[in-house]
1. On alpha-carbon atoms, Rg over Rh for the range A:154-251 using Kirkwood Rh?
2. Can you grab the distance from the C-alpha centre of the range A:115-173 to the C-alpha centre of the range A:62-107, Å, no decimals?
3. Tell me, what ³J(HN,Hα) does each residue in the range A:56-70 have, in order and in whole Hz, if you take phi through Karplus 6.51 cos²θ - 1.76 cosθ + 1.60 with θ = phi - 60° and put x for Gly and Pro?
4. Convex hull over the alpha-carbon atoms of the range A:1-156: what's its volume per residue in Å³?
5. Remind me, relative contact order of chain A in percent, using alpha carbon pairs under 8 angstrom and six or more residues apart?
6. Output needed: percent of Cα pairs per 5 Å distance bin for chain A, bins running from 0 to the one holding the longest distance.
7. Please turn the phi angles of the range A:112-123 into ³J(HN,Hα) values with the Karplus equation 6.51 cos²θ - 1.76 cosθ + 1.60 (θ = phi - 60°), one per residue in order, whole Hz, x for glycine and proline.
8. Could you order the peptides A:115-122, A:33-40 from most to least packed, using the average number of other C-beta atoms within 10 Å per residue?
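Please treat every number below as a calculation from the coordinates, not as lab data. What you see is a predicted model, and the numbers here were worked out from it, not measured in a lab. For neighbour counting, all protein chains shown are included, and Cβ atoms are generated from backbone atoms with ideal geometry for every residue, glycine included.
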Amino acid sequence: MPLKIATWNVNSLRARLSAVSEWLAREAPQVLCVQETKVRDEEFPVQAFQDLGYQVAFAGEPAYNGVAIIARGDLEAIEVGLPGFDDPQKRLIAVTYAGLRIMSCYVPNGTAVDSPRYGYKLQWLAALRAHLERELTRYPRLIAAGDFNIAPTDRDVHDPQAWEGQVLVSERERAAFRGLLEAGFYDAFARCGQDACGFSWWDYRGLAFRRNHGLRIDHLLISHALGDDCRACHVDRTPRAQTRPSDHAPVWLELDDRSTGA
DNA sequence: ATGGCTTACAACGTAAGA
């Protein structure tokens, strides 16, 4: 049986608890990496996921950011944050599951290229690359999934001319994204031999989803050791069309687990 | 048209997202 591993920026886990629960019940992934939980740890809805047969690892803060990993089985060696990068914002959590090292990543948005937050974003990405390089030596079977807040190429942008040079598509961000791949990863959808994946985010405003004015900014990066095991990669647009959606859609990949020994 | 939507906070407007 293949492993189904998903990532979803839910834009508040409490506001989206029923949507996430329904999606887990329907799609039954082994793993769901979540970003923007926007919930303190003491208020994380642990029981709701246990009732569905999932275990959880999470790192949150009030109001902003927050990441989690929801998985059908035991999570081990839980680590929060980027070692050596002192950051109060909860943007990274890693677990070991079924012989895989799995990270849920919430890359800073950056706000605008002339914002101080843009510099923070680039620094965070540099620290992530260094961390991924180190982790690959410990965990060759590594998946970094999440909201990277970067559309890697113009094909990942509905209107490249309108977006040219803007945050999420700027060349320095794209270079940083390529740097993550150069650390030893494939973009899962490309590795599956697909020529298109589709957008993963649509603005709440201006009927953007109906018009498919979107970006592909949520990604699953798989280490080279997993490259031959990637079977499929898909954006599930269904939850985005429902009432009170997250502005992001879940993205999943299917991985042959022949080499996990499971 | 720096607007437009959505969320959390202990708020009745502000900050932040992308």
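1. 0.99
2. 17 Å
3. 9, 10, 8, 8, x, 7, x, 6, 10, 6, x, 9, 7, 10, 10
4. In the range A:1-156, the Cα convex hull volume per residue is 135 Å³.
5. Relative contact order here is 20 percent.
6. In whole percents, the pair-distance histogram is 1, 6, 14, 19, 22, 18, 13, 6, 1, 0.
7. Karplus values, whole Hz, x for Gly and Pro: 6, 5, 9, 8, x, 5, 5, x, 4, 4, 5, 5.
8. So the peptides A:115-122, A:33-40, ranked by packing, come out A:33-40, A:115-122.
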